[in-house]
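**Q** Before I ask anything, here is the structure I am working with.
Just so it is clear, none of the values below were taken in a lab; they were calculated from the coordinates. This structure is a prediction, so every number in the text was calculated from the model and none was measured. Neighbour counts are summed over all protein chains in view; Cβ atoms, including those assigned to glycine, are modelled from backbone coordinates with ideal geometry.
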Amino acid sequence: MMAHALLGWHSLSGMGKKKRVAPTAECALCRKTKVLVDSHLVARGFLKRMPDAMTFTTHAASATSRQTKDFVLCRPCDQRLATCGENYVISQCADFRGPRIKFPLLVNALQRLPAIAQMTWGHFEGTEMGIPTELLGHFALGMIWRGGIRSWPTPIAPFKTVKLDLGEWEERLRRYLIGDDPFPMDVCVWAMLATDQDSQRSCNFPSPSTDSGIFGVSTLGISFKVWLGNVPPDIKQCCCVTAPEKPIYISNRQHEQRKADKDLEDRRGAQKLTAT
Ligand SMILES: [Zn+2]
């Protein structure tokens, strides 16, 4: 059984510093033969916002802040994914450094829409707030694509992330991410900000939904649900990139995050029983 694609970060310190030799091979994004860099599945910038970290997989928990990374992209492509979305999401997600939690995108939204602070569910218009939602879309699709091109080794050898089955979308997303195609109109990226600390303290690897063609990923309080093809019209209206208002949702996701954590704990418990 593969390691479940779930990562939660909790208490710990220290960064892995082991240097690996960069190979020359085909870059997964531009398809050119280049010197590859040690690319991260979940960017280092997220981890830095959680000074204490622990990685969880289905099979094990490890007191480590080492990251899930591999030689997959050339430097320009790695930089492209960073500048086209990743850096923005990193700058806006929950940040646990310092005496108080910072979460710029959520704070910005709640300041403008104070009524939402009392709600467990709401949404605001990205256009009205001047939020560059196309960066959110590029990041979300970039994460799903990265989750689909391979199984990524986790810090807990020999476990790897689940390789997402993207079918034709692996190539379609690649063409969008490299800039050859515009944002695919038959895709929906649903962006949500979590008001609960359980979600704000967690990152989940890209993972499949129980329904085919739907995937999820979340990073420190900003989560995404992605529909690839066959998007129902009512769902399409929720897309933060193509819907006219570019909506972004706000929700208390504690229940969902705790369920995900409990599922993980249950699997780990089952694994221990099997092992003994
Ligand atoms: Zn490249």
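**Q** I want to check the label-to-label distance for D180 and E168. Put each point 7 Å from Cα in the C-beta direction and report it in nm to one decimal.
**A** 1.5 nm
**Q** Still on this structure, I have one more. Hey, which of these cross-link pairs are over 18 Å Cα-Cα: K102/K225; K48/K69; K32/K69? Please report the intermediate quantities before stating the final value.
**A** Working: K102/K225 23 Å; K48/K69 15 Å; K32/K69 20 Å.
With Cα atoms farther than 18 Å apart: K102/K225; K32/K69.
**Q** I need the calculated FRET efficiency for the pair T127 and K48, taking r as the beta carbon distance and R₀ as 35 Å, to the nearest 0.05. Intermediate values should be presented prior to the final figure.
**A** Values: r = 31 Å, r/R0 = 0.87.
It comes to 0.70.
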